[in-house]
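Reading through the structure tokens given below for one structure.
The values are calculated or read from the model by the stated rules, or taken from the named source; none is laboratory data. Quantities reported herein were computed from a predicted structural model and do not represent experimental measurements. Every residue, glycine as well, gets a Cβ built from its backbone with ideal geometry; the counts of neighbours run over all protein chains shown. Please note that ligands, DNA and RNA were not included when accessible areas were found on the heavy atoms of the full protein model with its side chains. Shrake-Rupley method; radii C 1.70, N 1.55, O 1.52, S 1.80 Å.
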Amino acid sequence: MNATTTARPGTPPAPHAGRSAQYDAFHAARTRTDLVARLYAAAMGEDYPAEVAASSSCDWPLLGLMTARLRMRPGQLLVDAGCGTGGIGLWLARALALRLEGFDLSPVAITQATGRRPHFGLPAERAAFRVAELENTGLPGAGAHGVVCVDALGGVADRDTAVRELARILAPGGRIVMTRASRRDAVPAWTEQARAVGLTVEHIDERPAEPALWERLYRLWLAHADELRSELGEAQAQNMLREAHEVLPKLPGRRAVLLTLRRPETAPAAPGAADTMTGPGRHPDVRTPQ
């Protein structure tokens with residue numbers, strides 16, 4: 001999922017078990033060295049939000065844009081879909097005085113996200129994390145006032161199902177902000193996809209610097225191949241280097257955006273709506289996908 005469990009540009013989805021193992025290995029390897037974080041920081045330069053430490057395209061401009069597009073009020077519930085190690089959701093929850101539910105496919109990432117919560121000064125009742133998939137979140141319907149999904153949608157097997165599930169958990173008047181990408185010469189079906197699940201496209205914000213960010217990062221991976229092998233292990237380094245070689249040629253034709261989707265205020269509230277839902281981690285219908 002999120003390049004903190006990222007489906008990075010051009011990375012095809014893998015079977016559930018295979019994806020979880022791949023991301024678990026990535027997150028476990030990152031705990032042994034700061035090399036990956038240093039390469040992300042070098043690729044982003046002054047735009048690198050060090051505290052967030054996401055392995056995704058989340059930079060300071062994206063954090064600011066998501067904050068503006070969400071338009072959330074203190075105490076409301078934010079869901080971080082494909083949260084990885086939790087930095088994006090935790091930063092937003094602290095900055096906007098929100099409650100947070102984060103979920104990710106990787107149990108290792110979820111353990112790390114939970115461990116980072118005290119660093120952001122958020123108690124357990126303000127921020128909770130769980131193992132779940134984008135297609136099956138286990139969250140109550142119409143309970144989230146806002147959803148963020150950064151670099152995660154590309155890693156699912158069925159994007160329509162994933163968008164439908166995120167729409168299901170969104171309260172009337174709530175917004176989903178998600179990173180999306182397409183070929184520059186393509187006409188994406190974002191509006192039709194949103195309409196099919198009862199949402200409207202509120203904003204499409206272009207991210208013209210995003211492909212160049214990935215190019216800088218991939219070239220840094222290739223330039224530091226020996227260090228990656230030494231510090232992450234041969235298998236993890238090979239996965240990263242293979243990705244760099246496969247995706248670099250595709251980047252010149254890439255269009256990246258932040259898509260803001262909204263559920264109309266008049267949409268009927270599903271059972272478990274925001275006004276009646278329990279706090280993070282205490283939902284009566286919580287389930288962990290098998």
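When a/c is below 1.5 the answer is rounded, else prolate if a/b is larger than b/c, else oblate, so apply that to the chain with a ≥ b ≥ c taken from the square roots of the Cα gyration tensor eigenvalues.
Working: a/c = 1.70, a/b = 1.36, b/c = 1.24.
Note, shape of the chain comes out prolate.
Summary value for the chain: 24 percent relative contact order, contacts being C-alpha pairs under 8 angstrom separated by 6+ residues.
Remind me, relative contact order of region 69-171 in percent, using alpha carbon pairs under 8 angstrom and six or more residues apart?
Details: 197 pairs, mean separation 30.7, N = 103.
Computed value for region 69-171: 30 percent relative contact order.
Only helices enter this figure: runs of n ≥ 4 DSSP H residues, each worth -39500 (n - 2.57), summed and divided by the residues of the chain, yield -11500 deg cm²/dmol at 222 nm to the nearest 500.
To the nearest ten degrees, helix 16-30 and the longest principal axis of the Cα atoms of the chain are 60 degrees apart. Taking the C-alpha atoms only, the angle from helix 210-223 to the longest principal axis of the chain is near 40 degrees.
Give the longest segment of the chain that steers clear of GluC sites (Glu not before Pro) in DSSP loops with at most 16 neighbouring Cβ atoms within 10 Å, not counting the sites themselves. It works out to 126-264.
Per residue, the accessible area of region 14-147 comes to 33 Å², computed with a 1.4 Å probe over protein heavy atoms only.
Measure nothing but the geometry: give the 0 to 90° angle between the long axis through the Cα atoms of 60-70 and the longest principal axis through the Cα atoms of the chain, rounded to 10°. Approximately 10 degrees, to the nearest ten. Model label sites at Asp226 and Ala42, defined 7 Å from Cα along the beta-carbon direction, differ in position by 1.3 nm.
Across region 27-127, C-alpha contacts under 8 Å between residues 6 or more apart give a mean separation that, scaled by the residue count, equals a relative contact order of 22 percent. Note on the chain: dipole from Cβ charges, positive end direction compared against Gln112, Ile204, Met72; the farthest Cα belongs to Met72. Spin-label pair Ala50-Thr31: with each label point 7 Å from Cα along the Cα-Cβ axis, the two points sit 2.3 nm from one another. The apolar share of the surface of the chain, taken as the fraction of accessible area on carbon and sulfur atoms (1.4 Å probe, ligands and nucleic acids excluded), comes to 54 percent. Taking amide H positions as modeled 1.01 Å from N, with prolines and chain starts lacking one, the residues under 5 Å from Gln76 and 5 or more places away or on another chain are Arg99. Near Ile204: Cβ cut-off under 12 Å, other residues only, Lys/Arg at +1 and Asp/Glu at -1. The net charge is +1.
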